[in-house]
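Written out below as structure tokens is the structure these notes cover.
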Amino acid sequence: MIGSHYVYWLTFALMMIGLYVVISHGNLIKKLIGLSLFQVAVFLFYISLGKVDGGTAPIITEGTQTYSHPLPHVLILTAIVVGVATLAVGLALVVRLFESYGSLEEDEILQRDISDRDTTDRDGVAS
Amino acid sequence: MTAFVLVNISLFAILGATALAITRMRALYEATMLTALFSLVTGSLFVLLDAVDVAFTEAAVGVGISTVLLLGVLSLTRSREAVTPRRRRLPAALVVLFTGGTLGYAAQDLPPFGSATTPVRDHPVTETYLYQSQQDMGIPNTVTSVLASYRGLDTLGELVVVFTAGVTVLLLLGPLTRRNRPVKRDLVLADYRVLRVVSGVLMPFILLFALYVLFHGDYGAGGGFQAGVIFASGFVLYGLVFGLDRVQQVLPQRVLWVLIPLGLLLFMGLGVATVLLGGSFLDYDTLRPDDPAAGQRLGILLVETAIGLTVATVMTSVFFSFTGRGASR
Amino acid sequence: MTVQLPFVQVLLPLLGAPLCALLRSRVAAWLLFLLAALGSLGCAVLLAQRVATAGTQRYSVGGWTAPVGIEFVIDDFNTPVLLLVSLIAAVVAVFSHRSLAAEVAAKRVPLVYACLCLVLAGMLGIAVTGDAFNAFVFLEIMSLASYALIAMGRRRRALLAAFRYLVVGSVGAVFVLIGIGLAYAVTGTLNMADLAQRLGGLHGNRALYAAVVFVLVGLAVKMAVFPLHAWLPDAYAQAPSAVGVLLSATATKVAIYALLRFAFTVFGATLVFGVMPVGRIGALLAVLAMLIGSAVACFQTDLKYLLAWSSIAQIGYIVAGISLATTAGVSAAYLHVINHAVTKAALFAAAGLLVLRLGSARLDDLAGFGRRMPWTFAAVVVAGLGLVGVPPTAGFVSKWALATALLERGQWPVLAAMLVSSLLALVYVGRIVEVGWFREPSLVTVMNRPPVSMVAAIWFLVLLSVYFGLDATLPSSLADAAAAALLRNGG
């Protein structure tokens, strides 16, 4: 049971580390790093689905019989690109946030947003 | 326990340790370098799992682009993380418990890893992708066939995502938001002769290698996306060493902005052309009705070129946007 | 040529995006977006007619028949979404011309239109695709472009709203990805029809159950189902007005569509609502969303935040309908999707006009606006009554349908929550009326004339919602056909 599934368990463990970082850290950059870890772990899971024991990369050559499945590879190529696109957008937002709030900590940013609403900017919610 | 399993597990152990170290580390430069290491090890695992194309991309993206972007942002902002308040831990732990629990539950009925008779293997598309593709396109690298033809729409979507990221970064950081003042030359890496000479010598090779990767995608690992990233990395290196001004003389931003949408338009235009030729969207058979396989190869080549073009220009433009931000501050 | 319609539907807005970026002219970009939206509307109408006469349309992209390739599937269930999304996009295009010009720096406007095209393309893509992974790709296109659009808001808070939405939305998307991966692991396919067929024989498989959980939770994030709604108020209220109109009316609705598609046609109602307790959990969350969303809306001091919180409650109504998993319930939910989209778009558009003329949507700054802008005030009141569900508005029709569906199943607690929520809606709409009519006008300067395009867009939406209230045959028949198609497949 564990023996034949060990790769899945390991990828799941990695996913959870990533997810924990995303939620528990208040630093915006750390959140994005956590998100990357989470995504990469999911990529590993997909790729492990295509692997066949004794197989080779799905590039057809003379004299090879067993190939790993190409479809998960294609999906993950797409997903990696999506991941880096998200990271780029997220980082651009981080830079702008730092420029306007002078902080990278979510709590501090919220604090500053509320405090200047009381004084100058009268816009927003009363919660 | 075969050697394969042992290597696998040890790589996973390194990954786990790296990930845990990242969570505990409050110095963000170090965390970034560890993230690059994480990607590198993941890349090795991908190779072990026979996903060479994915490994190539992960190396180019995770170790290359992501790291450069993260470092760029750190240099613009602050590189020290504040202590995480304890009250954030409980919700995180709950979510992780719930998610992990569900995953663990799922794992019990997943097909065994590496088995030759999993549903994934047994599905009829496997035959098509691995063997029928040799008649349909005659391209040895089946990942390329599936990527650019069988599931060409996903790839178009992927390119649209890259384009979206390029547009977004431009909207948020581009020279649209602030006027670029001339860079104050404090210390430019080009003052180091070794760096200057080496990067000058490397540049043509990097670009040549990118072209090789682009056109070699049919036979081995590689393709438009990886080529685009490598191409961009050439300009990134040039920009890092000689400064933003110099590289923008070589590749003005105006040209970039024209090239970014052009790649996407090429891809979509190809799809429209196949429709006008009487086929379905992205049906490359119609490009050469007398020899569908050749038509497929032509279509795939055009698609890879389009991807390479947009990816290279978007990545370069994103890098310019981040570094230009620093220059104008 | 009609055979090619499904791809034209997605390609039109998709082509618009790079062209907007290439042309870099404000007017040209606006025209492109307008044309893309009108083109997709025309396309959607033609497709709806074709589906009505000839049944389900399948389109194999690249000429590869599914499951080898990716296919587009157009049936009774997604034509309403196509119509709704492209109609709202067309109205937003008209509305945005002046609104964006006032709220976004001129240089950025062409790229903002490029992003609007991308959001539209992403939503239409989610609606037409018959492939699970492809749906994920379109979902990401839509999401990334909407993060950018939200960040374009005037205040710095918009950046934070966009960032938080990005993190939460990406986690949601990864959840969907995990779910699809698990389903792929046990079936070997990504095509929705093929998945449905192969999953049928897998009841009892634990990986399959987990797949359902991951896909539903991931989509629930995008839908802003309580308690995963935290990103929504900031995102919709801080976005530029035109963006707020588009996203509030369509983005969550498309996620609802995707959820229904997965729950009923891929996984099957027997599994999701029979074996798994999704219906009961859904009903519970719906009740909480209705009560909390409406209650919080009553305490808002900003019109846009008020409307955003009201959306959370309205999503609760829709979830309540879905949780019943009956034809009547799903049909009512679908009807509410349509009616609420139109009503909420009208209200957000009116709020956008107020921002343009008074400089803010804070209730304090809106004091007495009804006396100086009676027409806008009238629009807000009519659409607001639609939120409450007063006859003869569209909101009444769908709430009535929902109440009937709930009664059919004896869901008294949910019905009670719905009534309480409607009363709370009366309170918050009443607050707008009180502020707008009975308070002394403040001395904020008013721009001399409201732009005709914006007024036209608002009144078109308001009148449409009234029309749907007076004569509900069109939306009802669409919703009924959709629900019938859904439950037939999902049997």
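The values are calculated or read from the model by the stated rules, or taken from the named source; none is laboratory data. Everything numeric in this text was worked out from a predicted model, so none of it was measured. All Cβ positions, glycine included, derive from the backbone under ideal geometry; neighbour counts span all protein chains shown. Areas reflect the complete protein model, heavy atoms only, side chains present, ligands, DNA and RNA absent. Shrake-Rupley method; radii C 1.70, N 1.55, O 1.52, S 1.80 Å.
Tabulated data
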item	result
FRET efficiency, 1/(1 + (r/R0)^6) with R0 45 Å, evaluated for C:VAL427 and C:THR56 via beta carbons	0.50
Interatomic Cα distance distribution for the range C:40-164, bins of 10 angstrom, percent	13, 35, 31, 16, 5, 0
Evaluated at q = 0.11, 0.18 Å⁻¹: base-10 log I(q)/I(0), Debye formula over Cα of chain A	-0.58, -1.01
Length-normalised contact order of chain C in % [C-alpha pairs under 8 Å, at least 6 apart]	15
Mean Cα-pair separation over length for chain B, i.e. relative contact order, pairs under 8 Å, 6 or more apart, %	20
For chain C: accessible area per residue (Å², 1.4 Å)	29
Helix axis angle, A:106-119 relative to chain A longest principal axis, alpha carbon, degrees	20
Test item: B:85-98 mean partner chain Cβ contacts at 10 Å	4
Hull volume in cubic angstrom per residue (convex hull over the Cα atoms of chain C)	123
Descending principal axes extents, the range C:159-217, alpha-carbon based, whole Å	47, 20, 14
Accessible area of C:SER311 in the full protein assembly, 1.4 Å probe (Å², nearest 10)	0
Sorted largest first, extent of the protein assembly as shown alpha carbons per principal axis (Å)	81, 68, 59
Cβ neighbours within 10 Å from other chains - mean over B:5-15	3
Surface share of carbon and sulfur [accessible, 1.4 angstrom probe, percent] for the protein assembly as shown	66
Extension gain (nm, one decimal) between B:VAL198 and B:LEU94, 0.36 nm per residue minus Cα-Cα	32.3 nm
Flagged links, alpha-carbon separation over 24 Å, of C:LYS107/C:LYS304; C:LYS222/C:LYS344; C:LYS222/C:LYS304; A:LYS31/C:LYS344	C:LYS107/C:LYS304; A:LYS31/C:LYS344
Loss of accessible area when B meets A, both sides summed, Å² nearest 100, probe 1.4 Å	7900
Over the range B:141-329: Rg over Rh, Cα atoms, Kirkwood Rh	1.05
Cα Rg, Dmax (largest Cα-Cα span) when computed across the range C:277-491, Å	17.8, 61
Cα-based helix-to-principal-axis angle, A:28-50 vs chain A, degrees rounded to 10	20
Dimensionless Rg over Rh [chain B; C-alpha; Kirkwood]	1.01
Choice from B:THR84, B:THR118, B:THR99 with maximal GNM fluctuation in chain B (Cα, 10 Å cutoff)	B:THR99
Cleavage-rule hits (GluC sites (Glu not before Pro)) in the range A:3-106: DSSP loop, at most 16 neighbouring Cβ within 10 angstrom	A:GLU62
Over chain B: helical MRE at 222 nm, DSSP H runs n ≥ 4 each giving -39500 (n - 2.57), nearest 500	-22500 deg cm²/dmol
Kyte-Doolittle mean at least 0.5 and Cα axial length at least 18 Å: DSSP H helices in chain B	B:3-24, B:28-48, B:89-107, B:152-173, B:193-216, B:224-242, B:253-276, B:292-328
